Amino acid sequence: MTSENTAPASGSIVVVGGGISGLTTAIEAAEVGYEVYLVEKNPYLGGRVAQLNQYFPKLCPPSCGLEINFRRIKDNPRIKVLTLAQVEKVDGEPGSYNVTIQLNPRYVNEKCTCCGDCAAACETEISDPFNFGMCTKKGAHLPFEMAFPARYVLSPQIIGTEDAQKAKAACKYDAIDLEMQAKSMTVQAGAIVWATGWEPYDAAKIDNLGFGQYDNIITNMMMERLAAPNGPTKGKIVRPSDDKPPESIAFVQCAGSRDENHLPYCSYICCMASLKQATYVRERYPDANIYIFYIDLRTPGDRYEKFYKMIKEDEKVFFVKGKVAEVMEDPATKQVTVVAENAVTGEKTKQTVDLVVLATGMQPTAANVTLPADLKYNADGFILNDYEKGGMFAAGCANKPADVVSSNQNATGMALKAIQTLARK
Amino acid sequence: MDKKYGVYICEGCGIGDSLDVAALKNVAEEEGLTTKTHPILCGAEGVDLLKKEIEGGVNTLVLCACSRRVNFDTFRFDGCIVDRVSLREGVVWSHPRDQFPALTEEEKQDEDNFDRVQMMAEDYLKMGMARVEKVDLPEAYQMEQFTNKILVIGGGITGMSAALDASKAGYPVTVVEREDALGGAALNWRSQLPVADPYEQLIPPVINEKIKAVQADSNITVKTGTVVARIAGQPGEFTVTFKKPGEKIKFDVPYPLPEEMKVDEAGKELDVEALHKKYLEYNEGRKDILTLDPEGELFGAVVLAAGWRPADVTKEDCAHLGYGEIPDVVTNAEFEAIAKKGKIVRPSDGKEAKSVVFIQSPGKDEDDSDFSYAGAVTSLVSLKQAKYVRDDYEDGKAFVFYQHMRTPGLNENFYKSIQQDPGIFLTKGNVMSVSKNGGGLIVDASNTLLGEKLKVKADMVVLAAGMVPATKDDPVVNLAYRQGPAFRDIGLFNGYCDSNFICFPYETQRTGIYAAGAVRRSMTTEEAMEDATGAALKAIQCIESSNRGVSVHPRSGDMTFPDFFFQRCTQCKRCTEECPFGALDDDEKGTPKPNPTRCRRCGTCMGACPERIIGFADYNIDSIGSMVKSIGVPSEDDYSEPPMRVLGLVCENDALPTLDIAALNRLSYSADVRLIPVRCLGSVNVIWIKDALSQGMDGVFLLGCKHGDDYQCHFVKGSELAGIRMKKIGDALTSLALEVERVAQFEIAIDEYDKVPQIINDFVESIEALGPNPFKGF
């Protein structure tokens, strides 16, 4: 039994984005004693890391840390979690903002017991963005097993259909409300932290790398879902074309990153992510050949270097220094040939493999969406922090590409920057 | 608290369909407890019922419904003791009736038949009732004195940033700096790497502005030429003694005896008195850790920002690079010092150095690692210093040989701007040797982007040495803790005081002391400044939590703290030694002295204590022991083929959620197990296991987090310590003529819900193969 007594502080903080950075900022600030509104657009918290199978370099499941964070939220009434929520408008100035938040309908109310009867009754299968469309899900569903809040949601796609009625009829607890409408609320806050995160760069835009043209080319985020026990294949890594175990896999680094035509910067995490994914492959397929095509391997620091060393010891992991220029598919076998120019020797290297993983980079969410506030951005869409002005801050990957550790360091600090704005008031 | 009990059974979510709720109700009523059922306890009506009951005086509720992980807010009744009996996840969902059929009316007639699932539900109800009898509402720990002042150790860029950030939030700060001036390493820089968009150009060092800001801040006290002699006490009221560097004073922190001094000449372990005598000799002239310095200054929390020193490259395998032999081969730190003085000139003869080679990696063609302690910083610094050569000499040339150019994230922009400079040659390559060539140097490299074999004439060569954390060979914090003066070295961090948690970068094993900057890992200025802000937040949070008498992460907000019944303490010191957070000190006799605000409430001390004198208000030997004892253990007196009874003690952080998710997926496991959540496997006291076996239970398993280098235990050592204790319990079992296989420990990660039923079932099968516990029925 855990509970707290008096709070030392007043004034609220709005945190936009319930991924790992937003969760961190929100919880760290609330545990100092501040009121926090955590605004998340999805029906669940956890953001990108909820989709990951494991973290590098510990190879531990992200749900482990999420669970602790969810428990911290459960034990702390100072955090108000708003899911399916988006900030619509921000007025005011540092110390006193009016934040208008739109709450989109979940069509499931607080009476939901998570029994699952609605999903069982629902027949419509819709594409599942959580799994990058690699499988479908029911129109009434729990976003994923560990989802917080643990509550079902109805996809807007089934609203107005017979299926929605079936789901409603199946609910013994009167938890489905098909009349639910979007509504708006206004929150007064002294500071706002934008932890709006990142999107995987759209691999289809990288013409020469064949994503979307050839079946057996996937992205690194799809690989995370394939390897996850709760993913579309229940953790089996298979070729999309025939669901067969791949005997050879190529990782194409800097797929879009460090590329003036796409993302000019380095996305920070993709080298370590591919090395980590090499362990996913090795765990399942002891004999598979793994090829990693790279420009530089960016595995800085003791821990990451140690991890890279461990992978280097694997005799069936081959590192090729060279940027992949093109890919070709053999229509009969569906195998993919990766062509790279070896940066050192100048020779063209060709490697035919069963499966290609594109190490696509991260693009800030704000690159493609206009945030409704007076924020400044760099040319790539990362939000710039103006500490002198204060009031609004960007945390985590909304501010710059980073791994989870650095994002959390940054997000913890942004909790203090927000508090400073309140304390100065 | 005068307890008034009430038992409430929910019939929703399949509970009522699966279980005989009336029979269940009867179990509680037989104990004389008011018992009510409700079709949907979490619904508005159900909650109203509970509220009315509470208004009517009930203050101790056993809620038989769903897992405590859900409906946490619905069933939160402040001022009441609430036990959540997990009938839904723990019984009904995990034991579907299609696999565990209920008894038919006909079967019910024969008393030799039993319904495993119903039995399970009844046991869990009894366990819940037993627990609430033994627990109390926690009362927050009140400190006798308290300060919100923050101590920052280190007056470099990180320390000053932390100080400024804490001060801006209204907290008074003292910065101590070993040197005679603020500034640290950055004072020696000519220019520095960019810290903000567009990350393209070098900027003047930001250190001067920081120094000015710190000096102008009336909320910040600066003590230069000062180090920490000791930090005693606990968060909220650390007593800190300062001294001049190198000075010897009586409040220098005493060190624990090294292992080799704890034995006599014959190698036998010394007794307590002899140990204490030796300890005093070893630390002669230093006051014991429990003696508080009356002149000491009080601080609430500490930020450790002691920074780094340049690595000594002679310790690396790089004789082929000529360092130490050839004066014009220097490290990056030495090169920076030259650049800071003026134009870049050669150390050997003071002549202009117009051609400079920068070497990132010492491993020839054998190893592509950078110099040790490098991180990404050394790549960036080489680029910065290459720029100096170009700034100083129009015809200057810089060559950077690297294996992997490490300019992660937006630092790529700086790399790109350097690539635009026609006088800077950047190439991957294996540097094979550096040798003298007349008055200059020659660098041999192979396999480069500029050619297979390359010889570069150079005036100077610069080695990209790493940043060794100040904590590598000096505790710095000098904690007056019985476990020793430093951050606990668990052999993972190579001298850094880092967190091993990806999600929780500020969690170390020393509550209230938060590391930032280069003591954590090699960092750029930008990263160090950000890290400092985070550490300042954690320090503030710890101060506020201490003041409220609640725990910090991961049991944030927990008001309980360990209570000791000292009269029965045998001074075995296990609690002091095993606490992952060093929360306990002990006196000369070995009696533990708790420091509640250092405590993280994992219960490892409770698990360690052979006398069972440590407990928490809501979690103690008796509360869990009574739950164990309330489990029904049917014998042949009851049924001709009685079911096995297996106890599982499961970690509530990872194993319990795993089991809940398995249940959500209707994955089933043996209905003969009874699970009890524990705070951490480290808190498991072997008495619970002995009790279970002596009352006839057939087996006991522990289910917890992974340990080892990549441990997932939120309390660092819990599952590892439990493993050690379980090995020791084997002897006790043998003496009882019980097979050691009756007790086992399993590791599970939180996402392995698909594996957990099999782990449990395999264990139950192995116990069935052993046959029933011979003590059954006694």
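Just so it is clear, none of the values below were taken in a lab; they were calculated from the coordinates. Since the structure is predicted, the reported quantities are computational estimates derived from the model, not experimental observations. Cβ: placed from backbone, ideal geometry, glycine included. Neighbour counts: every protein chain shown.
Tabulated values for the structure
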quantity	calculated
Karplus (6.51, -1.76, 1.60) ³J(HN,Hα), θ = phi - 60°, over region B:395-409, in Hz, Gly and Pro reported as x	9, x, 9, 10, 10, 10, 9, 9, 9, 9, 6, 9, 10, x, x
Residue of A:Gln86, A:Gln181, A:Gln253 that the Gaussian network model of chain A assigns the largest fluctuation, springs spanning Cα pairs under 10 Å	A:Gln181
Simple label model, 7 Å out from Cα along Cβ direction - B:Gln215 to B:Met1, nm	5.7 nm
5 angstrom amide H check on B:Ala515, placed H, neighbours 5+ away	B:Leu304
Intensity falloff of chain B expressed as log10 I(q)/I(0), Debye formula with alpha-carbon point scatterers, at q = 0.10 Å⁻¹	-1.06
In order through region A:220-231: 3J(HN,Hα) via Karplus (6.51 cos²θ - 1.76 cosθ + 1.60), integer Hz, x for Gly, Pro	4, 5, 5, 4, 4, 5, 4, 7, 7, x, 9, x
Shielding by other protein chains, A:69-78, mean Cβ within 10 Å	5
J(HN,Hα) series, region B:450-462, from Karplus relation 6.51 cos²θ - 1.76 cosθ + 1.60, nearest Hz, glycine and proline x	9, x, 5, 10, 9, 10, 10, 7, 9, 8, 9, 10, 10
Percent of Cα pairs exceeding the 14 Å cut-off, where the set is region B:697-778	66 percent
Potential lengthening between B:Leu298 and B:Lys52 on full extension [0.36 nm per residue; Cα-Cα distance subtracted]	83.7 nm
Alpha-carbon Rg/Rh ratio, for region A:204-273, with Rh computed the Kirkwood way	0.99
Exercise: per-residue mean of other protein chain Cβ atoms within 10 Å, A:31-39	3
Computed E for B:Lys593/B:Glu179 - FRET, C-beta separation, R0 41 angstrom, nearest 0.05	0.70
Protection-proxy order for peptides A:26-34, B:530-538, B:747-755, each taking the mean of Cβ atoms within 10 Å per residue, highest first	B:530-538, A:26-34, B:747-755
Under 5 Å, built H, 5+ apart or other chain: amide partners of B:Gln745	B:Leu702
Whole-Å distance, taken between Cα centres, linking region B:494-570 and region B:399-453	41 Å
FRET efficiency for A:Ser127 and B:Asn188, using Cβ-Cβ distance with R0 set to 56 Å, rounded to 0.05	0.45
Hypothetical label at A:Ala182: residues of region A:128-146 whose amide nitrogen lies under 20 Å (7 Å Cα-Cβ projection)	A:129
Antiparallel %, DSSP beta bridges [both residues in region B:366-511], to 5	75 percent
Contour minus Cα-Cα distance for B:Arg309 and B:Glu45 (0.36 nm per residue)	88.5 nm
Estimated FRET transfer efficiency (A:Leu384, A:Ala332; beta-carbon r; R0 56 Å; 0.05)	0.65
At q = 0.04, 0.09 Å⁻¹, base-10 log of I(q)/I(0) for the protein assembly as shown (Debye sum, equal scatterers on each alpha carbon)	-0.23, -1.21
Computed lengthening from B:Lys416 to B:Ser766, 0.36 nm per intervening residue step minus Cα-Cα distance	119.7 nm
Average beta-carbon neighbours from other chains, 10 Å sphere, peptide B:61-67	1
Kyte-Doolittle at least 0.5, axis length at least 18 Å by Cα - qualifying DSSP helices, chain B	B:756-770
Most to least packed among B:391-398, B:648-655 [average Cβ atoms within 10 Å]	B:648-655, B:391-398
Amide H within-cut-off set for A:Glu326, under 5 Å, with H built and near neighbours excluded	A:Val339
Inter-site label distance for A:Thr161 and B:Glu30 at 7 Å from Cα along Cβ, in nm	5.2 nm
Two-site label geometry, B:Tyr255 and B:Asp98: point separation in nm, points 7 Å out along Cα→Cβ	6.7 nm
Cα-based convex hull, chain A, per residue volume (Å³, whole number)	158 Å³
